[in-house]
1. Restrict the search to region 1-103; then list the GluC sites (Glu not before Pro) that DSSP places in a loop and that have at most 13 other Cβ atoms within 10 Å of their Cβ.
2. Full extension from residue 407 to residue 14: what is 0.36 nm times the residue separation minus their Cα-Cα distance, to one decimal in nm?
3. If I model a spin label as a point 7 Å beyond the Cα along the Cα-Cβ vector, how far apart are those points for residue 284 and residue 190 in nm?
4. Report, in deg cm²/dmol and to the nearest 500, the calculated mean residue ellipticity at 222 nm for the chain, where each DSSP H run with n ≥ 4 adds -39500 (n - 2.57) and the sum is divided by the residue count.
5. For region 109-252, what is the charge dipole size about the Cα centre, in debye to the nearest 20, if Lys and Arg each add +1 at the Cβ and Asp and Glu each add -1 at the Cβ?
6. At 24 Å minimum axial length over the Cα atoms and a Kyte-Doolittle cut of -0.5, report the qualifying DSSP H helices in the chain, or say none.
7. Restricting to DSSP loop positions (anything but H, G, I, E, B) with no more than 12 other Cβ atoms inside 10 Å of their own Cβ, which trypsin sites (Lys or Arg not before Pro) remain in region 1-90?
8. Under 16 Å from a point 7 Å along the Cα-to-Cβ line of residue 330: which residues of region 201-227 have their amide N that close?
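The values are calculated or read from the model by the stated rules, or taken from the named source; none is laboratory data. All figures in this text were calculated on a predicted structure; none of them were measured in a lab. Cβ: placed from backbone, ideal geometry, glycine included. Neighbour counts: every protein chain shown. To get the accessible areas, we keep the full protein, side chains included, count just its heavy atoms, and leave off ligands, DNA and RNA. Shrake-Rupley method; radii C 1.70, N 1.55, O 1.52, S 1.80 Å.
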Amino acid sequence: MEKKATLTLPDGKKIDFPVLSGSIGPDVVDIRALYGQTGAFTYDPGFMSTASCNSTITYIDGDKGVLLYRGYPIEQLAVHCDFLEVCFLLLYGELPTQKEKDEFVGMVTNHTMLHEQINRFFTGFRRDAHPMATMVGVVGALSAFYHDSLDINDPRHREVAAFRLIAKMPTITAMAYKYNTGQPFMYPQNNLSYSANFMRMMFGTPCEEYRINDVLVRALDRIFILHADHEQNASTSTVRLSGSSGANPFACIAAGIACLWGPAHGGANEACLQMLEQIGDASKVGEFIKQVKDKNSHVRLMGFGHRVYKNYDPRAKLMRETCHEVLNELGLANDRLFELAIALEKIALEDDYFVERKLYPNVDFYSGIVQRAIGIPTSMFTCIFALARTVGWIAQWKEMIVDPDQKIGRPRQLYQGKTQRDVTPIGKRG
Ligand code: SDX
């Protein structure tokens, strides 16, 4: 029997709305007919209680700290798969067979180079430009190189765009870093794995053979897996909204990168490391926590809290394990920032302010420490996040394009401005 919700209007009129159920997770009240039947809108700034779409890609249970990509727990994917397997899963819904994986890896590998003219595009940026600014610009510019060959309603064109973006993001990311350092760009090497190729493009130079460290490559590959997708977060919603107008995927992904840059979202890992550097050592944690609890300070514990997770972010647990592995591999087991982060986490998790608000470490709390240990500069942390999240953005964009329920996103508002009035000629104003 169809479930329904009944709304009683101020004039006493009652209206029923269908209640839809997912395979797991909260039901939704289908209010698409609300405005037509009542002349009223819902009001939900920040979309705290709003499902913007139906999706089969990623499921999060914030209370239990569960994250599933196409039904597989993130804890299992992070251990048993590599990033390109997870890319295949997110894009096509199933884990690949060995043959499917080999073909997929082959396609990605052979799209890693950029059009040579894009190299010159970088020179338009100041050397000290934030790499996220460069990334937004270069990814948006891909529209100029591929837009004419892209019919978003053609499944083959959508698939080629997906391969191009997943394959080229490591190359663009490494080039943004090299441009900052003044070192020459490194071309991709087709005989290397996706993450090893990225490490070489980041840290290799034409002067000597780059030595691959398998522990660091595996750690980076896991960081990519943990950041690959996350339901309808701010940047994914930005990509979907951009795509709903029919914009090409390169422009949509550039919009997603711009949104991810914010410190409340993907920029939190950069802000978290800056926060740890600012605190300095464990003796100052108490003073910092006092500042955070003082609303007037506007200071937040970066890397803590989440719109959905009201329990420990499962990605943060995996990131902390990766931290241990990398720091031990590099002989940095007693890294001062890691020890500070552990002390900060312990104090916060015992403090009523954080307990009452269900504020736990999120994916960004430890990711900065791991990346810093690998040698990635703080300014590159969000670029790495964008690199990893590109597959999630593309998978969600593709799902939206073929969703019969989808139409251009156009929210309404609660208007509280001036009512209609007449213009006074300028000579009579004031
Ligand atoms: C990501 O959505 C996603 O899935 C995002 C992401 C993904 O994979 O795409 O998971 C990636 O963005 C992780 C989040 C990274 N951001 C940070 O670490 C920045 C610090 N955290 C926040 O600013 C905050 O927690 C948010 C933005 C993440 C969530 O904010 P909400 O859900 O809007 O919650 P809120 O701001 O309304 O906070 C509720 C209360 C408030 O206090 P009261 O007004 O109730 O007294 O908790 C407080 C907030 O002041 N609070 C914090 C805090 N986060 C929330 N207080 C101190 N430090 C914090 N970090």
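1. Values: sites: 2, 75, 85, 94, 100, 103; in loops: 2, 94.
Taking region 1-103 and a limit of 13 other Cβ atoms within 10 Å, the loop GluC sites (Glu not before Pro) found are 2, 94.
2. Numbers: separation 393, 0.36 × 393 = 141.48 nm, distance 2.82 nm.
Extra length available between residue 407 and residue 14 comes to 138.7 nm.
3. The modelled label-to-label distance comes out at 5.2 nm.
4. Values: 18 runs with 219 residues, N = 430.
Roughly -16000 deg cm²/dmol at 222 nm, from the helical runs in the chain.
5. Numbers: 13 positive and 12 negative charges, 51 e Å.
My answer is approximately 240 debye.
6. On the way: long enough: 155-181 (39 Å, -0.25); 381-401 (30 Å, 0.85).
Length and hydropathy pass: 155-181, 381-401.
7. Working: sites: 3, 4, 13, 14, 32, 64, 70; in loops: 13, 32, 64, 70.
For trypsin sites (Lys or Arg not before Pro) across region 1-90 that sit outside H, G, I, E and B with at most 12 neighbouring Cβ atoms in 10 Å, the list reads 13, 32, 64.
8. 202-204, 211-224
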